[in-house]
Amino acid sequence: MDLQNIIPKDGPAIEEVQKYIKKYTDEVIVIKCGGSVLLNKNLFNQFIQDISVINKLGLNSVIIHGGGGNIKKKLDQQNIESKFIDGLRVTDKIILKVVDEALTELNLEIIKKLNIQKCKAQSITTKKNNVITTFPERKELGFVGNPKEVKKETLLTIINNKEVPVIVPMGIGDDKNPYNINADIAAGAVAKTLNSRRLLLMTDVEGVLDKNNKLISEINSKIAQEMIKDGTIIGGMIPKINTCIDAVNNGVTGAVIVDGRKPYSILFELFSDKGAGTLIRK
């Protein structure tokens, strides 16, 4: 394998890639992508390149993506106002249709860009190849769900075909209606089902910081829970860390809060000594 022609020049060192590549052979890497990565053209293109490199190295990845600002943009264009309860969007049938459209558009954009890089990918939405069944989060939230089951065999068939599953964070409920799912939670459910080697949550921050605002490169789930209790981990990072804690206690080897603003952050996280965020282990 000619790593010189596969790894970007400003990516991780070839010697380090050689050291780590064996670790991920025949394993699954689940990657949740959202926020600034999807909004920033350069970061989006580097994300696509990262996935195509993983694919060229013969490794298996699964992508779950958020809305990347696309949902809000579409709702604003139609003058639809959102209400939030505990940070979750109240989703009626009108909003659900907009959410579905926005996520599907983005899904097809990711597939298209991967195909240009000669990386085969398979779109997974509630209309095509749906893999997540859901139960309602809370009645007052409308069509917001939590994962009930993930269809492992469907995903493994796609992975074994050397294609990348690109999953919209939605699922079908017992009532046959589609439900919107928080993308981090959806990624955690997929990672647990596949017993993945890594769950990478791409974010807009450096990783988990200590009380002196210094990056913590690695913690275990017990310490992470204590950091939530003592107020070191706050705000929007709490649900992300809870997803990581749940994942590593249910079959995932390691979960990482990745700084998605860094160029080639996925490659540096997987194939370098220093990584690109905070690794959480059991």
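The values are calculated or read from the model by the stated rules, or taken from the named source; none is laboratory data. Predicted, not measured: the structure shown is a model, and the values here were computed from it. Note that each Cβ is placed from the backbone with ideal geometry, even for glycine, and that neighbours are counted across all protein chains shown.
Annotations for the structure displayed:
- Only one of the numbered conditions (1) closer than 12 Å to residue 171 by Cα; (2) loosely packed, with under 15 Cβ neighbours inside 10 Å; (3) in contact (Cβ under 8 Å) with a residue 40 or more places away in the chain; (4) of a type outside the set (Asp, Glu) is violated by residue 127, and that is (3).
- Residue in segment 30-38 that is in contact with a Pro (Cβ under 8 Å, 6 or more places away or on another chain), at pLDDT 95 or above and of a type outside the set (Gly, Ala, Ser) present: no
- Number of the exception - residue 234 against (1) assigned to a loop (DSSP other than H, G, I, E, B); (2) more than 15 Å from the chain's Cα centre (by Cα); (3) surrounded by 17 or more Cβ atoms within 10 Å (Cβ to Cβ); (4) of a type in the set (A, V, I, L, M, F, W, C): (3)
- Residues in segment 204-227 that are touching a residue at least 40 places away in the same chain (Cβ under 8 Å) and either in a loop (DSSP other than H, G, I, E, B) or among the basic types (Lys, Arg) (or both): 204, 205, 206, 207, 208, 216, 217.
- Residue match in segment 159-172 (condition: charged (D, E, K, R), closer than 22 Å to residue 271 by Cα and part of a strand (DSSP E or B)): no
- Residue check, residue 176 out of contact with any helix residue (DSSP H, G or I) (no Cβ under 6 Å at 6 or more places or on another chain), surrounded by fewer than 17 Cβ atoms within 10 Å (Cβ to Cβ) and either over 27 Å from residue 90 (Cβ atoms) or of a type in the set (Ser, Thr, Tyr) (or both): no
- Between 155, 194, 141, the distinction of being closer than 24 Å to residue 109 by Cβ and either buried (at least 19 other Cβ atoms within 10 Å of the Cβ) or in contact with a Leu (Cβ under 9 Å, 6 or more places away or on another chain) (or both) belongs to 155 only.
- Some residue of segment 23-32 being touching a residue at least 60 places away in the same chain (Cβ under 8 Å), of a type in the set (Phe, Trp, Tyr) and under 18 Å from residue 190 (Cα atoms): yes
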